[in-house]
Amino acid sequence: MEQVFSYIISLGASVMMPILFTIIGLCIGMKFGKSLRSGLYVGVGFVGLGIVTALLTTNFDSPLKTISELYDLQLKVFDMGWPAAAAVAYGTAVGALIIPICLGVNLVMLLLKCTRTINIDLWNYWHFAFIGAVAYFVMDQSLLWGYFAAIVCYIITLVMADLTADKFQKHYDLQGISIPQPFCQSFTVFAVVINWLLDRIPGFSKLDIDAEGLKKKFGVLGEPLVLGVIVGALIGWAAQLDIKKVLFLGVTMGAVMELIPRITSLFIDGLKPIAEKTQEVAKKRFGGMKVHIGMSPALVIGHPTTLVCSVILIPVILAIAVFLPGNQFLPLASLAGMFYLFPMILPYTKGNVVKSLIIGLVALIVGLYFVTDMASAFTLAANEVYKTDPTASAAKIPDGFEGGALDFASSLFGYVIYACVKYLKWVGMGVLTLITLAMVAWNRKRIVAEETNHN
């Protein structure tokens, strides 16, 4: 069984998702042709997103490193990016069985009415495996602690996916979809708290500018495409490249900003028929029970506000990281993950660019400290994985550095679980258990009450 799930992961999202969604479509009663079309749209979306992300990381990796060297911005925690985090996640006994264990937990929670989300975003299960792997190594390779950390993160994320589903669906017009991805969901806390505080600042409501309002206010300069060109060119200029390369980087960043929303529309084309059919089946066979299909946040990162905020934050966070007291992490390879900060922020800011930008900036600054503090554990885990499997080159940390990654290592959920495990140990396990059980009980009470009122 372990080999089967390892093989599934090795296929990658672009192959795994078409197969998975075709099977799901058939299981819920869709015709083969429609099921296959939905699966292929999702698969093509992942391929396209991978190409665009590679376009960003491949072309900007060298200029950003040049900037780091030119201005002596070297910090001791080296940005390994998400491939290293995923390698660590699946390079242990925790990662090897994370999919069947979490699917089992999901099924039990569904049957007990503790969740409405069916998490089929199998590719992003590496997030749960990652925090489990870190806990595993921090606690002297203890499977008990590793699985405990992973399962707690999984349960909390499922509950958060339920709690945010209505706002998410309304904002993005995606009925039947929720986001059980812990990196994105961890920023919901920042969104709720900071949005509440901003609403209480006198006169702040006048800054209610969404992406369309930005275009009206600044004309062509407010468009994600043009902002991308400007930021890309500025990075080339700061790296002291020649004019040809400066213009190339500008156009490349602009292309990324323009292509992402076009590609993410494919996810929506593939998912909508399945989501609608799932709701129909649930109403007929389960007495009107409401269910959500848990999907990757990749399907909504093409939102204009997300693009605008992401492209602005890239140079801003680079500058801040260098001068931030106590921070030792300079995000370079992880910058492509910037788009994933905002999917769960926008439903609370209603697409307001200013609010989203402030929330994203605060969350990122806090995240830099998370990555810095977790670097020793990340390094321990990566070194052990590389020692066991020298072919896992993504986990090899350059000499003289510790390793880190913005992807999930900077998230609130991941860090709190890590801190409880490392610093509080058994007390931390008790605290996390109580928090998790309280969230599950609250969610179940809410679900049962809604079903009772509906009937």
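Quick notes
- Net charge of neighbours whose Cβ lies under 15 Å from the Cβ of ILE417, counting Lys and Arg as +1 and Asp and Glu as -1: +1
- Selection among ILE118, SER68, THR58 by position relative to the dipole of the chain gives ILE118 as farthest towards the positive end (Cβ unit charges, Cα centre).
- Per residue, the chain exposes 43 Å² of solvent-accessible protein surface, assessed with a 1.4 angstrom probe and all protein chains in place.
- For the cross-link pairs LYS425/LYS445; LYS170/LYS445; LYS350/LYS425, the ones whose C-alpha atoms lie over 32 Å apart are LYS350/LYS425.
- Legend: helices of the chain (whole DSSP H runs) are marked when their alpha-carbon atoms reach 27 angstrom or more along the helix axis and their mean Kyte-Doolittle hydropathy is at least -0.5; marked are 32-70, 143-172, 243-285, 304-323, 353-388, 426-454.
- Total charge dipole magnitude, the chain, about the Cα centre, Cβ charges on Lys, Arg, Asp, Glu only, Debye to nearest 20: 1320
- Once the gyration tensor of the Cα atoms in the range 257-316 is diagonalised, the equivalent ellipsoid follows with semi-axes of 33, 12, 6 Å, ordered largest first.
- The convex hull built on the alpha-carbon positions of the chain has an orientation-averaged projected area of 22.4 nm².
- Cα centroid separation - the range 226-254 against the range 83-98, whole Å: 36
- Summing charges over all other residues whose Cβ lies under 15 Å from the Cβ of VAL256, with Lys and Arg as +1 and Asp and Glu as -1, gives -2.
- In summary, the aspartates and glutamates within cross-link reach of LYS76, defined as a Cα separation below 15 angstrom excluding same-chain residues under 8 places away, comprise ASP373, ASP399, GLU402.
- Spatial separation of Cα centroids for the range 361-439 and the range 26-65, in angstrom: 28
- Rounded, prolate or oblate (a/c below 1.5 giving rounded, otherwise prolate when a/b exceeds b/c) for the range 309-455 by Cα gyration tensor: oblate
- Computed [θ] at 222 nm, deg cm²/dmol, the chain (DSSP H ≥ 4; -39,500 (n - 2.57); rounded to nearest 500): -23500 deg cm²/dmol
- Dipole-positive endmost among PHE401, THR349, TYR369 within the range 341-415 (Cβ charges, Cα centre): THR349
- Surface share of carbon and sulfur [accessible, 1.4 angstrom probe, percent] for the chain: 67
The values are calculated or read from the model by the stated rules, or taken from the named source; none is laboratory data. Worth saying up front: this structure is predicted, and the values here are computed from it rather than measured. When we count neighbours, we look across all protein chains shown, and the Cβ atoms used for this are built from the backbone with ideal geometry, even at glycine. All accessible areas refer to the heavy atoms of the entire protein, side chains included, with ligands and DNA or RNA removed. Shrake-Rupley method; radii C 1.70, N 1.55, O 1.52, S 1.80 Å.
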